[in-house]
Amino acid sequence: MRRIGYVAPSILFALGLSACGLQPMYAGGGDGAVARGLAGVDVPSIEGQAGWLVRNALCDRLDGCNGAAQYRLDVRLDDRLEGLGLLTDDTIGRERRTLRARYQLVDLSSGEILLDATAGSDAGIDVVSSEYATIAAEQTALENLARDVADRIVTRLALTLRKQS
């Protein structure tokens, strides 16, 4: 008898959730409207090392960036590295790397800007006595930030293309 008391609310919750109108973002898998839209996005070259990393991360998530383009994604980056903490000997003990992207999704057939937005992320870096280790940490931070910014951009693109379909 006690088991029925747990099952009934679960069934009611499932029925209520199915009636709320939520739909999966990537409904239809690779043939769905969002997946086809993302596959039709071309990403031109982006200036600098950060641009190269972001473009590669975007192309990995957008099915290679080599199909018949319906859209163009214009991206401008701002990559900053600043010292934060001063030690007793007036050397920097901590840095913050910030990567910000301003991007526009342009419909190639009409020239209309479908999305104009920004995305960004930042990371803290410990400055240690080994210059090599600090440079390696800065590079790793940039690679991680590039992937994070690309993920944020693709999520926003998917939401925009879902509204278009």
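Values in this text are rule-based calculations from the coordinates and carry no lab data. Keep in mind that what you see is a predicted model, and the values were worked out from it rather than measured. So basically every Cβ, Gly included, is an ideal-geometry build from the backbone, and we count neighbours across all protein chains shown.
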Given labels modelled 7 Å from the Cα in the Cβ direction, how far is it in nm from R156 to A33?
2.2
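Among residues other than V127 whose Cβ falls under 10 Å from its Cβ, what is the net charge (Lys/Arg +1, Asp/Glu -1)? Walk me through the numbers before you get to the answer.
On the way: positive: R94; negative: E95, D126, E131, E138.
Local net charge: -3.
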At a Förster distance of 45 Å, what's the computed FRET efficiency of C59 paired with D89, Cβ-Cβ distance as r, to 0.05?
0.50
Estimate the FRET efficiency between K163 and R80 by the formula 1/(1 + (r/R0)^6), using the beta-carbon distance for r and 45 Å for R0, to the nearest 0.05.
0.90
When the chain is fully extended, how far beyond the present Cα-Cα distance does E47 get from L114, taking 0.36 nm per residue of separation?
21.8 nm
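Suppose the chain between T98 and D122 were pulled fully straight at 0.36 nm per residue; how much longer would it get relative to their current alpha carbon spacing?
8.2 nm
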Considering only G120, G32, L84, whose Cα is most displaced toward the positive end of the charge dipole of the range 29-164, charges sitting on Cβ of Lys, Arg (+1) and Asp, Glu (-1)?
G32
